[in-house]
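Worksheet for the structure shown next.
Here, each number is a calculation from the coordinates, and none is a lab measurement. Computed from a predicted structure; not experimentally measured. As a convention, Cβ positions derive from the backbone with ideal geometry for all residues, glycine included, and neighbour counts pool all protein chains shown.
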Amino acid sequence: MTIADPKEVKTFLDKHPEIQFFEILFTNMCGVPRGKRLRRHEIEAVYAQGRFLPGSILVNDITGQDVEATGLVWEDGDADRVARPIAGRLTPAPWLGDDVAQIPMSMYELNGKAHDLDPRHVLKRVIDRFAADGLVPVVACELEYYLVDAERTVDGRIQPPKSPLTGERPTQHQVYGLREVEEASAFLRDLWIAADAMGVPLEGAISEYAPGQLELTLKHHADALRAADDAVLYKRAAKGCALRHGYEATFMAKPFGELAGSGMHLHVSVNDRAGKNIFASDKPEGEPVLAHAVGGMKALLGDSMAIFAPNANSFRRFRANSYAPVAPTWGVNNRTVSFRVPAGAPNTRHIEHRVAGADAHPALALAALLAAVHHGITNKVDPGPAIVGDGYAQAEGAGEKIPVNWFAAVDRFGEQGVGGAGGPNVGDMFGGGGGLGRPAAGGVRREVHRIPGCAHGQNRR
């Protein structure tokens, strides 16, 4: 992981005399961007020596409150760490104004060691496992979300936005509807402009399913860390651009009880040292190594559900016949399973992991996914037979049950510790070294339960 060279900001300042303000930001364990807005004359010092910030903000809950169970508040004296700029990510932020730029940061200890609880560092440790074996994971994030009206209903609930063309509020399902995409075209145009300015490879848009629901895909990347950063920046830009058009963008997993939930589908393949996809095959199910990767995903899914579904609301998404998975199942060209091998050309063979909600932290979700893939490949884990036909109807025979609610997921996650007995667990997945594998991490999430509003409620953003 590369810390930006101070020369980078000097070049940027020379190229952009119009930029007067800089937002430095990072995302904590809950995926909430936090940071500061600085003036132009302050930014060079950030590149020279970093910015000192309290380590406790890495584990604030989604409402911004301290989580004392982490030991990073009172016991630690709320000590500072240092945030340092990520190389190559200083860009304009056009939705914030023509004179504003942004720079994502990573958190380090004062001695220069990567901070265990920075989600980017968690992901980096998993990527290093592949590198040690001469392998490179190739990933892409596919995010669903809702545009909702900035105006609430009379009882304070969110609602689909009115059409800018007709003034009508949609009520019907609109899967792949072109008219709905056309109605959102002004927002989408600004979003693509913002993505290009940030160097985020944002691709085409579809009207996903329910009124106001969109899906845009980020192009696959052989740098999983950059792919996670791209997803974080994309979500931030989507929310910012939406506000400029009278909408709010919500990545809540289930903002409407009666409508489709929003997922973050993760696509993964693995390249060898020569850049060849080791999953590539003329066979629709891919090579045996692909099946082993799926086996790892199945084996570790239950331990990881608190990452893929990090809020109480997240679990409202998992319903039969909803296109959201309900069991650790896999199949070929089948959207009723958790792990899908999509149709496509032989060289594009890969796995789509359909479990994570749009509310999951991209870096942590990718870390959990890739750790499972590495475990499966390394140990040649057998995934069992692929599901043919209706995966929902066959879920009962899928083997191990996964946690079905937030409390069960958190409890299972908290039980997993570094070096725990009995086979693979969260500690094993993330490589030991602290971070998510230590028991305190379970405490982080369990502590969140008692804070009102932490799950966002049914219809809160």
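In terms of modelled amide H atoms, which long-range or inter-chain residues lie less than 5 Å from the amide H of Ser262?
Correct list: Lys254, Ala358.
For Leu38, which sequence-distant residues (separation of 5 or more, or a different chain) have an amide H within less than 5 Å of its own amide H, given hydrogens modelled in the peptide plane?
Hits under the 5 Å cutoff: Phe22, Glu23, Ile24.
How long are the semi-axes of the ellipsoid equivalent to the chain, from square roots of 5 times the Cα gyration tensor eigenvalues, in whole Å, largest first? Don't skip to the answer; put the middle values down first.
Values: eigenvalues 196, 160, 105 Å².
Taking √(5λ) for each eigenvalue gives 31, 28, 23 Å, largest first.
Sort Ile278, Ile3, Ile24 so the one with the fewest other Cβ atoms within 10 Å of its own Cβ comes first.
Values: Ile278 18, Ile3 15, Ile24 24.
Listed from fewest to most nearby Cβ atoms, that is Ile3, Ile278, Ile24.
Which of the aspartates and glutamates could a cross-linker span from Lys380 if the Cα-Cα distance has to be under 13 Å and same-chain partners fewer than 8 positions apart are dropped?
Hits, sequence-local ones excluded: Glu287.
How large is ³J(HN,Hα) for each residue in segment 264-277, as worked out from phi by the Karplus curve 6.51 cos²θ - 1.76 cosθ + 1.60 (θ = phi - 60°), to whole Hz, x for Gly and Pro?
10, 6, 10, 9, 9, 9, 9, 9, 8, 4, 7, x, 8, 5
Roughly how big is segment 291-410's charge dipole about its Cα centre, with Cβ charges of +1 (Lys, Arg) and -1 (Asp, Glu), in debye to the nearest 20?
180
In whole Hz, with x marking every Gly and Pro, tabulate ³J(HN,Hα) for segment 97-114 from phi via Karplus 6.51 cos²θ - 1.76 cosθ + 1.60, θ = phi - 60°.
The phi angles translate into x, 5, 10, 10, 10, 9, 9, x, 10, 10, 9, 10, 6, 5, 7, x, 6, 4 Hz.
Taking the Cα centre as origin and putting +1 on Lys and Arg beta-carbons and -1 on Asp and Glu beta-carbons, what dipole magnitude results for the chain, to the nearest 20 debye?
With only Lys, Arg, Asp and Glu charged at Cβ, the dipole is about 40 debye.
Report, ordered by chain and residue number, the lysines lying within cross-link reach of Lys36, taken as a straight Cα distance under 26 Å and ignoring same-chain residues fewer than 8 apart.
Candidates past the 8-residue exclusion: Lys7, Lys10, Lys15, Lys113, Lys124, Lys235, Lys239.
Please give the calculated 222 nm ellipticity per residue for the chain, where each DSSP H segment of at least 4 residues contributes -39500 (n - 2.57) and the sum is spread over every residue; nearest 500 deg cm²/dmol?
-9000 deg cm²/dmol
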